[in-house]
Amino acid sequence: MRTDLYQGHDYYQMDEWLTEEHKLIRDTARAWIKKEVSPIIEDAFEQGKFPKHLIKGLAEIGGFGPYIPEQYGGAGLDQISYGLLMQELERCDSGLRSTSSVQSSLVMYPIWKYGTEEQRMKYLPKLAAGEFIGCFGLTEPDHGSNPGGMITNFKDKGDHYLLNGAKMWISNAPFADIAVVWAKDESGRIHGLVVERGMEGFTTPTMTGKWSLRASDTGELIFDNVKVPKENLLPGRSGLGAPLSCLDSARYGIAWGAIGAALDCYDVALRYAKERQQFGKPIAGFQLQQKKLAEMITEITKAQLLTFRLGQLRNDGRATSAQISMAKRNNVDMAIHIAREARQILGGMGIINEYPIMRHMMNLESVITYEGTHDIHLLITGMDITGENAFS
Ligand code: TGC
Ligand code: FAD
């Protein structure tokens, strides 16, 4: 088993912008990961299972609802803290960050923002403590990039709603206790509903065969005449903007997370290049390897600056959806390139699981697709700057 020697890289001294609390949150997460997760993550990835015994520890480091107010069990932290946590988690594995960001931004966030006080008190403290795991059902087999076309629907039956349809590619679905599901009412308007495991007609088959994000469980959500109590509808917001606003929060977390994956690849490649000797000297002494490493730290530093500024804007409530799209798209693409370059620096050793690089590379293929594909985020920027919609 490889010892996790990771140390952060801060080429532009951005740590000076962090508070003592930020550093404590980051360092606590890093220490927990090195002790509890790094030793088992390759195994979990190989087995294709999320290691559920980590849920308690994830809750303890603030991984579930870091910015949700303390009165609901969250940690009441700011957006930079949330970002730093996502960066540390994805530094280890994108699937680990997924579990945390889905729970925080796609399950707790909509219940907090659009739920009743009763719904908040019923679900949020349990989700924050990891006693409940949630999932978010937006994507359908025939509606991925275009969620507005969804066909999952519910009918008002007087004392309950009757829910029918199917969702696909849902992170955490196979073991989630609750699902925040987006479905159309009889007039075609989209609403969020909390569907609980055990409701008759609700099943969550596991999706198998993934070569990416293997340490995260992915499944379907099937609704076959599910009777959903009326009090499970989230009344605070309807329309496609409701789920998309949750995505803003999760995409912001991914922007930070992707930097974590890139930092890990860079860290491993830099250390390897200094140690590995060929032609009588360390390969770090060859210009071609230096070019790769120098470009990596340049791109990481640019992404760190972009994302830190985005965090400040989010703290002030001023970040736009289009700014978040730009950061998600740029950072994930940057991380994929760095993973590919880092793998080459390790030569043959780059392809085996003694090092994390191939795992990051495979994971990032999901990250560049979910929460809006690379293309969709470009079109969001395109529409923002031109005013022209090129989606349809
Ligand atoms: P469009 O007409 O542009 O917008 C419909 C309404 O929504 C509003 N809106 C937003 N509101 C809040 N936040 C945003 N980011 C918003 N973007 C748009 C918009 O103002 C409008 O409001 P109103 O009041 O006028 O009705 O919608 P469209 O149908 O043209 O679609 C736009 C598009 C393509 C950008 C959008 O649908 C999109 O982002 N597609 C990508 C789908 C996606 O990202 N799916 C993610 C599924 S969840 C997931 O992947 C989890 S992975 C988790 C993990 O494991 O980490
Ligand atoms: P499609 O929408 O079919 O896109 C296929 C290709 O066409 C892409 O390259 C896309 O960019 C391109 N394309 C589509 N529309 C346009 C256009 N207008 N112009 C130009 N190009 C276009 N969803 C959830 O709801 N909850 C989850 O928890 C969740 N977890 C996921 C976990 C994993 C591991 C994965 C892989 C996906 C997950 N998703 C989840 C689904 C994810 O959000 C979708 O896969 C994603 O939104 C893309 O949808 P799609 O796969 O149907 O691709």
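Only the coordinates and a few stated rules stand behind these numbers; no lab work does. Worth saying up front: this structure is predicted, and the values here are computed from it rather than measured. Glycine gets a Cβ as well: all are built from the backbone with ideal geometry, and neighbour counts include every protein chain shown.
Which of the chymotrypsin sites (Phe, Trp or Tyr not before Pro) across region 243-323 are loop residues per DSSP, with 14 or fewer other Cβ within 10 Å? Each step should come with its number before you reach the end.
Working: sites: 252, 256, 266, 272, 279, 286, 308; in loops: 279, 286.
Sites meeting the loop and neighbour criteria: 279, 286.
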For this session: State, as an integer percentage, the relative contact order of the chain based on alpha-carbon contacts under 8 Å between residues 6 or more apart.
Result: 18
Seminar exercise, completed: If one compares the long axis through the Cα atoms of helix 357-367 with the longest principal axis of the Cα atoms of the chain, the angle in degrees, nearest 10, works out at 30
Seminar exercise, completed: The helix 117-129 Cα axis meets the longest alpha-carbon principal axis of the chain at an angle in degrees, between 0 and 90 and rounded to 10, of 30
For this session: Mind checking which aspartates and glutamates have their Cα closer than 20 Å to the Cα of residue 302? Skip sequence neighbours fewer than 8 apart in that chain.
Result: 10, 15, 16, 88, 90, 264, 267, 333, 341
Problem set entry | Exposure proxy ranking, count of Cβ atoms within 10 Å, fewest first, for 383, 168 | 383, 168
Problem set entry | 27 Å Cα-Cα reach of residue 281 towards lysines, excluding residues that sit fewer than 8 places from it in its own chain | 291, 292
Exercise. Summing -39500 (n - 2.57) over the DSSP H runs of n ≥ 4 in the chain and dividing by its residue number, what mean residue ellipticity at 222 nm do you reach, to the nearest 500 deg cm²/dmol?
Worked result: -15500 deg cm²/dmol
Exercise. Between region 89-120 and region 297-355, what is the C-alpha centre distance in whole Å?
Worked result: 21
For this session: For the chain, find the longest principal axis of its Cα atoms and tell me its angle to the long axis of helix 79-92, 0 to 90°, nearest 10.
Result: 60
Exercise. List the trypsin sites (Lys or Arg not before Pro) in region 294-328 that DSSP assigns to loop (not H, G, I, E or B) and whose Cβ has at most 13 other Cβ atoms within 10 Å. Which are they?
Worked result: 318
Exercise. What's the Kirkwood radius of the chain in Å, using all Cα pairs?
Worked result: 21.4
Problem set entry | Local net charge near residue 122, Cβ-Cβ under 15 Å (Lys/Arg +1, Asp/Glu -1) | -2
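Which peptide among 18-27, 349-358, 59-68 comes first, and what is the full order, when sorted by highest mean count of other Cβ atoms within 10 Å?
On the way: 18-27: 14.6, 349-358: 17.6, 59-68: 24.1.
The most tightly packed comes first, giving 59-68, 349-358, 18-27.
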For this session: Sequence neighbours fewer than 8 away in the same chain don't count; with that in mind, list the lysines whose C-alpha is under 19 Å from residue 113.
Result: 122, 126, 230
